[in-house]
Amino acid sequence: MMNDFGVAPHIEAQATGSPGQRTFQLRILGEAGQSASFKLEKEFLLGFRMGLYEVLAKTSHRRKSEAAGVVYFPPTPDYDFPLGELGLGFSDGKIVLEVRQLEAEEDQDPTVIRTQFTLE
């Protein structure tokens, strides 16, 4: 099942817990108010960071973005699942992120969420 979040106004990575016992999440707020939280391994998060830097290096973007401040994220997101695949690209001046659920319920396709965000 493909879900398009449009141009996301907010995306963040979060780590909770003490060193060695941390849980990592990637959280997205969609253009129409949708929300998603993906549990992921630290290596996925590091790969996302490296991929993001590679995409930015291929563009003429040099401005540092500023922290957005406190953003409300719902306690129960619309989608909440372990991340199985993460894809990153660049199209029409926006960074495109696509994530796929690790495992789907029996007799269902994995959930896929696609979103875009601007360089700023």
Quiz item: Which residues, counting only those in the stretch 62-86, are charged (D, E, K, R) and at pLDDT below 65?
Solution: ARG62, ARG63, LYS64, GLU66
Exercise. Among the residues of the stretch 79-120, write down those that are part of a loop (DSSP other than H, G, I, E, B) and among the hydroxyl-bearing types (Ser, Thr, Tyr).
Key: THR111
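Residue-by-condition table, conditions (1) open to solvent by 80 Å² or more (accessible area, probe 1.4 Å); (2) in contact with a strand residue (DSSP E or B) (Cβ under 6 Å, 6 or more places away or on another chain):
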{"site": "THR16", "(1), (2)": "no, yes"}
{"site": "PHE24", "(1), (2)": "no, yes"}
{"site": "GLY33", "(1), (2)": "no, no"}
{"site": "PHE38", "(1), (2)": "no, yes"}
{"site": "LYS42", "(1), (2)": "yes, yes"}
{"site": "LEU46", "(1), (2)": "yes, no"}
{"site": "VAL55", "(1), (2)": "no, yes"}
{"site": "LYS58", "(1), (2)": "yes, no"}
Practice problem: Scan the stretch 72-86 and report the pairs whose first residue is in contact (Cβ under 8 Å) with a residue 40 or more places away in the chain and surrounded by fewer than 17 Cβ atoms within 10 Å (Cβ to Cβ) and whose second residue is aliphatic (A, V, I, L, M) and in a loop (DSSP other than H, G, I, E, B), with Cβ atoms within less than 7 Å and a gap of 6+ or a chain change. | Solution: PRO82/LEU102
Quiz prompt | Unmet requirement for GLU12, which otherwise passes all of (1) within 12 Å of the chain's Cα centre (by Cα); (2) exposed (fewer than 11 other Cβ atoms within 10 Å of the Cβ) | solution = (2)
Practice problem: For the stretch 68-120, enumerate the residues that are within 17 Å of GLY30 (Cα to Cα) and among the charged types (D, E, K, R). | Solution: ASP78, ASP80, LYS94, GLU98, ARG100, ARG114, GLU120
Exercise. Can you run down the residue pairs with Cβ atoms below 8 Å, 6 or more apart or on separate chains, where the first is in the stretch 10-29 and farther than 18 Å from ARG114 by Cβ and the partner is assigned to a loop (DSSP other than H, G, I, E, B) and of a type in the set (Asp, Glu)?
Key: PHE24/GLU41
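The values are calculated or read from the model by the stated rules, or taken from the named source; none is laboratory data. In this text the structure is predicted, and so the values were computed from the model without any measurement. Every residue, glycine among them, receives a Cβ derived from its backbone with ideal geometry; neighbour counts consider all protein chains shown. These area figures cover heavy atoms from the full protein model, side chains too; ligands, DNA and RNA do not enter into them. Shrake-Rupley method; radii C 1.70, N 1.55, O 1.52, S 1.80 Å.
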